[in-house]
Every structure is written in C-alpha cells, then in structure tokens.
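Below is one structure; the comments refer to it alone.
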C-alpha cells in the first residue's frame with residue numbers, strides 16, 4: 001500500500017494528466033499542490049512510483065504519465081465522488097421527459113446523449129425481446145382472408161404477425177381466440193412461446209387452431225437489435241496514433257465483440273475496466289465505464305462510455321450512473 005505522500009503525488013499526476021494530456025513534471029506538482037516538500041522530493045517519490053508500476057516515463061519528456069495500474073489505484077482508492085452538474089441533470093431530465101419514441105429510437109438517442117455529455121463513445125444495450133413480458137394482445141381482421149395480431153411488450157417494443165384465414169372465421173371466433181391468447185401470453189415472457197403452444201394444443205376449444213396459427217407466426221428467432229454505439233468520431237480525436245484509432249473504430253463496428261465485452265465485465269462485477277483489464281486487445285488503450293439499467297426491479301440493459309485511459313473517471317461514472325437510472329425509470333413507466 002502506498003504511503004500518504006506517494007498517494008497524494010499519484011493523485012496529482014493522474015488528475016493533471018487527465019486535464020492536460022501532457023506528461024507531468026515534479027516541479028509542476030510541487031507548485032500546484034500543497035505537499036510541503038521540494039520538487040526534488042517529489043521527483044524522488046515519482047521515481048519510486050515508476051519503479052512500482054504506477055507511473056511511466058515517456059522517452060521524449062521529463063514528465064511522467066499514469067499506467068493502467070496507476071489509474072486503477074486512482075479509481076479504487078482516490079476517485080472523488082462525482083455528481084452530474086445541474087445543467088447536465090436538467091438536460092438528461094428534459095430528454096427522458098420528452099422521449100416519447102419507440103424503444104429503438106429512445107435507445108439510439110440515449111447513446112447520442114451520452115456522447116454529448118462525455119465526449120466519449122457510448123454503448124447502449126436495451127432489453128431483449130426474448131425476455132420481455134407481454135403486456136397486451138390484439139387480433140385485427142384485415143380482410144376476408146388475412147388478419148394480424150399486435151403484441152405489446154414490457155420493454156416498449158411491439159411485435160406483430162399476419163396470417164391467412166378462411167372465410168368461415170367469424171368475428172366471434174376472433175374474439176374468443178383473442179381472449180385465449182391473452183390468458184396464454186399476458187404477463188409471461190415472449191421466450192416461452194413454445195410452452196404456450198403446447199398448452200394451447202391441449203385444449204379442445206374451437207379457437208385452438210386459430211390460436212396455434214398466431215402463436216406459430218410469433219414463434220421465430222429474433223435478432224436482438226437493441227444495441228447502439230454512438231460517438232465513434234470522438235474516439236478518432238482522442239488518440240494521436242492512427243493505428244490505435246483504426247483498431248478502436250474497427251472493434252466498435254463489431255457488435256458481438258462489444259456486447260461480449262460488456263457482459264463479461266458485468267459478470268465479473270466491474271463497472272470500470274482500464275486498458276487491458278477488459279481483455280479486448282484492440283481496445284487496450286481504452287477504458288470502459290458501465291452501469292446496468294434496471295426496470296421493474298430487473299436488469300434489462302446496460303449503458304456505458306468508452307474512452308482513452310486518460311478519461312475523466314469521476315465525470316464518466318456520474319454521467320453513466322445518472323443516465324442509466326433515468327433510462328430505467330423511463331422503461332418502467334413504459
């Protein structure tokens with residue numbers, strides 16, 4: 001464990017480097033921080049911190065910059081309690097109060113909001129259709145030979161399916177089938193459709209065949225499209241090395257890689273992964289800050305930001321936490 005003086009110096013170096021993106025020298029630290037020691041003493045302590053792996057020394061500069069280990073110590077032990085500013089809180093509040101969009105658009109706009117607030121790339125993963133609970137079912141006759149069923153889900157999305165019918169399907173039969181579908185589906189997850197079909201087939205009621213047609217039309221594999229990345233251009237501005245920018249942008253385009261990264265972090269209980277900690281080599285120059293989204297008491301998604309390891313961790317954590325809370329409340333209201 002670092003002693004108080006080394007801890008204070010490490011904190012000063014991290015905060016200065018986050019603010020300026022320039023290597024930090026001992027003279028500068030001695031001047032701006034009330035350490036009551038000479039710049040020579042600060043230089044000696046910085047040399048110790050470098051030997052212990054908390055700082056590193058760029059070849060072209062007399063100053064030092066934090067390593068991933070230094071950032072981790074800062075996040076775990078020194079991170080000031082961040083709070084989103086009142087202006088930013090009002091912006092987030094106004095956004096969600098007026099977010100009367102379909103689920104996909106709300107999530108996409110949320111990713112844009114995160115980027116605007118932090119100037120980092122953003123990741124928003126919404127609730128999957130498969131685990132969403134059915135809120136309502138409505139069957140509608142379109143013509144003498146076609147009808148549709150509309151299913152409203154708890155995650156704010158809408159599923160629909162069309163089937164062909166014969167002339168002898170009466171309005172009364174449709175009403176009975178609709179009532180049966182409500183009993184089978186409402187308040188149950190959509191992923192259990194095969195079980196619902198088995199239950200339906202056990203009935204001898206006249207509407208059973210019509211219900212089976214509807215259930216079969218709804219029972220298909222779904223591509224979970226509730227995944228959005230925003231602010232890729234901001235990442236291009238965060239690094240000087242073209243190769244790093246190319247790797248980061250290419251990785252952000254691969255949905256499977258990013259979703260796997262997010263899920264792996266959350267499974268390990270990490271809200272902040274610094275540099276190589278997240279295990280995705282092309283993003284080793286980046287840090288990721290995540291927060292789960294909870295609605296109706298359940299985790300239904302994730303929001304986060306991805307930026308250089310030099311990111312402003314207090315601001316990133318405060319923003320991600322606040323936005324995830326408001327998004328969760330919005331999904332609960334829906």
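Once you put a point 7 Å from the Cα of residue 175 and another 7 Å from the Cα of residue 332, both along the Cβ direction, what distance in nm separates them?
3.8
Determine the equivalent ellipsoid of segment 45-123 by diagonalising the alpha-carbon gyration tensor, then write out the semi-axes as square roots of 5 times the eigenvalues, largest first, rounded to whole Å. Don't jump to the answer; show the numbers that get you there.
Working: eigenvalues 310, 40, 24 Å².
The equivalent ellipsoid of segment 45-123 has semi-axes of 39, 14, 11 Å.
Given a Förster distance of 56 Å, report the FRET efficiency between residue 138 and residue 59 from their Cβ-Cβ distance, rounded to the nearest 0.05.
Working: r = 68 Å, r/R0 = 1.22.
After rounding to 0.05, the efficiency reads 0.25.
Using only Cα atoms and rounding to the nearest 10 degrees, what angle (0 to 90) does helix 171-185 make with the longest principal axis of the chain?
That helix lies at roughly 40 degrees to the long axis.
At what distance in nm do the modelled label points of residue 250 and residue 167 sit from each other, each positioned 7 Å from its Cα along Cα→Cβ?
6.3
Just from its helices, what would the mean residue ellipticity at 222 nm be for the chain, if runs of 4 or more DSSP H residues each count -39500 (n - 2.57) and the sum is divided by every residue, rounded to the nearest 500 deg cm²/dmol? Walk me through the intermediate numbers first.
Working: 13 runs with 158 residues, N = 334.
Only helices count here, giving -14500 deg cm²/dmol.
May I ask you to derive the FRET efficiency for residue 220 and residue 76 from their Cβ-Cβ distance with R0 = 45 Å, giving the value to the nearest 0.05?
On the way: r = 46 Å, r/R0 = 1.02.
Approximately 0.50, to the nearest 0.05.
For segment 247-334, what does the relative contact order come out to in percent, with C-alpha contacts under 8 Å and a separation of six or more? Show your work: numbers first, answer last.
Values: 111 pairs, mean separation 19.4, N = 88.
Relative contact order for segment 247-334 comes out at 22 percent.
Under a 10 Å cutoff between Cα atoms, tell me which one of 184, 142, 193 has the largest fluctuation in the Gaussian network model of the chain.
It is 142.
From the C-alpha coordinates alone, can you work out the Kirkwood hydrodynamic radius of segment 279-334, in Å? Spell out each step's value before the answer.
On the way: mean 1/r = 0.0826 Å⁻¹.
Across segment 279-334, the inverse of the average 1/r is 12.1 Å.
Compute the long axis of helix 208-218 from its Cα atoms, compare it with the longest principal axis of the Cα atoms of the chain, and write down the angle in degrees, 0 to 90, nearest 10.
For 208-218 against the chain, the angle is about 30 degrees.
Taking just the C-alpha trace of segment 78-235, give me its Rg and Dmax in Å.
Values for segment 78-235 (Cα only, Rg and Dmax): 21.1, 73 Å.
In a GNM of the chain with a 10 Å cut-off on Cα contacts, which of 26, 154, 122 has the highest mean-square fluctuation?
Result for the chain, Cα springs under 10 Å: 26 fluctuates most.
Extension gain residue 266-residue 105, at 0.36 nm per residue separation less the Cα-Cα distance, in nm?
Working: separation 161, 0.36 × 161 = 57.96 nm, distance 2.46 nm.
Result for the pair: 55.5 nm of gain on full extension.
Take the Cα atoms of segment 194-334, build their convex hull, and give its volume per residue in Å³.
Values: hull volume 20.8 nm³, N = 141.
Cα-based convex hull of segment 194-334, divided per residue, equals 148 Å³.
Semi-axes of the equivalent ellipsoid of segment 134-218: what are they in whole Å, largest first, if each equals the square root of 5 times a C-alpha gyration tensor eigenvalue?
Working: eigenvalues 77, 47, 21 Å².
Output for segment 134-218: semi-axes of 20, 15, 10 Å.
Could you give the angle, 0 to 90 degrees to the nearest 10, between helix 242-252's Cα long axis and the longest principal axis of the Cα atoms of the chain?
Computed tilt is about 30 degrees.
For segment 74-167, what is the largest minus smallest coordinate of the Cα atoms on each principal axis, given in angstrom and ordered from greatest to least?
72, 27, 22
Can you give the alpha-carbon Rg of segment 179-239 over 2.2 N^0.38 Å, where N counts its residues?
1.90
Kindly give the semi-axes, whole Å and largest first, of the ellipsoid equivalent to segment 4-78, taking each as the square root of 5 times a Cα gyration tensor eigenvalue.
Numbers: eigenvalues 50, 40, 29 Å².
Square roots of five times the eigenvalues give 16, 14, 12 Å.
Expressed as a whole number of Å, what is the distance separating the alpha-carbon centroids of segment 8-54 and segment 143-165?
64
Taking springs between alpha-carbon atoms closer than 10 angstrom, which of 310, 294, 43 fluctuates most in the Gaussian network model of the chain?
In this elastic network of the chain, the residue with the biggest mean-square fluctuation among 310, 294, 43 is 43.
With a/c under 1.5 counting as rounded, go ahead and sort the chain into rounded, prolate or oblate using the C-alpha gyration tensor (a ≥ b ≥ c being the square roots of the eigenvalues; past the cut-off, prolate if a/b is larger than b/c, else oblate).
Verdict is prolate for the chain.
Values quoted throughout were computed directly from the atomic coordinates according to the rules given, and no laboratory measurement underlies them. What you are looking at is a predicted structure, and each value in this text was computed from that prediction instead of being measured. Quick reminder, even Gly has a Cβ in these numbers, built from the backbone with ideal geometry, and neighbours come from all protein chains shown.
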